[in-house]
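None of the figures in this text is laboratory data; all of them are computed from the coordinates on show. This one's a predicted model, so the numbers in the text were calculated from it and none came from an experiment. Methodologically, a virtual Cβ is constructed for each residue, glycine included, from the backbone with ideal geometry; neighbour enumeration extends over all protein chains shown.
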Amino acid sequence: MSGHSGKQFWVKHNQIIVHNGQNQSLGPVTVEGVLTLDDVDLSGRTVLYRVDVNSPLEPSTGRLLDDGRLKAIIPTLDALSSSRVVIIGHQSRPGKSDFTSMQKHCDRLSKLLGKQIKFVPDICGDVAVEAIRSLSDGEMIFLDNVRMNEEEYGTKYASNKQTEDTSLVSRLSSVSDLLVTDAFAAAHRRSPTLTGFTNSIPCVAGTLMEKEIRNLRTALRNPPDPYLAILGGAKCDDSVRVALNLISKGQVDKIAFVGVTGNLMLWVAGNDIGDRNKEFIRTTLGHDFETAWETGKKIFSENPEKIFLPIDVAVESEGSRKPLSVSDLPTENPIYDIGLQTLASLKPLVENAGCILWNGPASYFELPDFAFGTIEILNMCTETDAMTIIGGGHTSALVNSRGVSSQVSHNSTGGGSTMSFLSGEPMPVIASLKESFQKFG
């Protein structure tokens, strides 16, 4: 067993025991071959805790504008209260204006947790290693932005295995007993701190990671009937890939396309949405446009009965909102929202649904005159008795900003990772968790 403590590693519930390097498998774990916090005894262990708390910052002051991802990791930190915790995270990426240290994240998390967390301005150097070795039970430290390390972000890896053969992993695993990960928002990526500890120390899903996997798997495998997906936003390629995967699973009953994705699907269905709106979609998608277009055509031609499209829209004309029926298209004005008739037709689908998946706004909601459609869908989702799964990104941020996260069943912390999961694409971090279980179980 790797780690500086020399202590034995025990997995609870008579499931797996790792004892002086001798592994025994004595039964299944709770999430399909992935260790969770319920399965392990972490008291007195030195735990590397990989998180994704990448947050929007106020440009002029660097102030954190949203601490939703920090709040989301508190349940795991509570569960690690008797461990020696080393928090590892990132903020933005090199070259971006919001690429900065984790000091402010550490300070905010300390206030949220009501417990002092020491910030260490190092990642895997001698300062960090000594800080880890000096930890006592119940103490926590927060290492600096891991993407300041060239191995973490400046290197491309073709496989998870390549991320294991790095000095970053070697140094941190030598002073740690195991890795707990809640970095679901980065689960579609691979890097040393995300996927590199697979075979050196046991890797365990934290409370947040387990919750994300469980709820998003429900959306894919066994959602309550009827199942309604509402897919919007400007990343049309992601939305149509999700739609195609949901249809292929045979679970979804209706897919409502809204926002820019709704405009794309109106265009696919033969509606001329106007040159300006077509060009916006082409420019936004870039080289992904053709793939999104062909996927949309496949969905519409093969499953028209499952598709809900806007009946009317709202355009921006001379600085104000103007309603427009789809039958009156094309328009040279930008389409910024869905209309009242569309919302009226969507409402009974929401009210009668057993499960609702919503990802992507229905409008350019940052503009007050065009927030209506998105806010109304949010209101519908918080008022229904259905299982409601919010698919991350802008939609999740809206739920947090309006203080209604407790009124939905699951508000995903992921953005691209949520869409990758729902699209059925490989998830390197989840693959790492499964492989580590095979190694140590």
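Annotation: lysines with alpha-carbon distance below 22 angstrom to Lys439 (same-chain offsets under eight excluded): Lys7, Lys12, Lys161.
Within the P(r) computed for the chain, what percentage of the Cα pairs occupies the region above 35 Å?
34 percent
State which entries of Lys235/Lys347; Lys322/Lys347; Lys71/Lys211; Lys235/Lys278; Lys111/Lys211 exceed 18 angstrom in Cα-Cα distance in the structure shown. Could the numbers behind the result be given before it?
Details: Lys235/Lys347 24 Å; Lys322/Lys347 22 Å; Lys71/Lys211 14 Å; Lys235/Lys278 14 Å; Lys111/Lys211 24 Å.
As for pairs spanning more than 18 Å Cα to Cα, those are Lys235/Lys347; Lys322/Lys347; Lys111/Lys211.
Charged neighbours of Gly414, selected by a Cβ distance under 12 Å, balance to -1 (K, R count +1; D, E count -1). The Cβ shell under 13 Å around Leu367 holds other residues with a net charge of -3, Lys and Arg each +1, Asp and Glu each -1.
Taking GluC sites (Glu not before Pro) as exposed when DSSP calls them loop and at most 14 other C-beta atoms lie within 10 angstrom, the chain has its longest site-free stretch at 33-317.
Candidate cross-link partners of Lys249 among the lysines, defined by an alpha-carbon separation under 20 Å and a same-chain spacing of 8 or more, comprise Lys297, Lys298, Lys306. Over region 225-385, the Kirkwood radius and the radius of gyration, each from Cα atoms, give a ratio Rg/Rh of 0.94.
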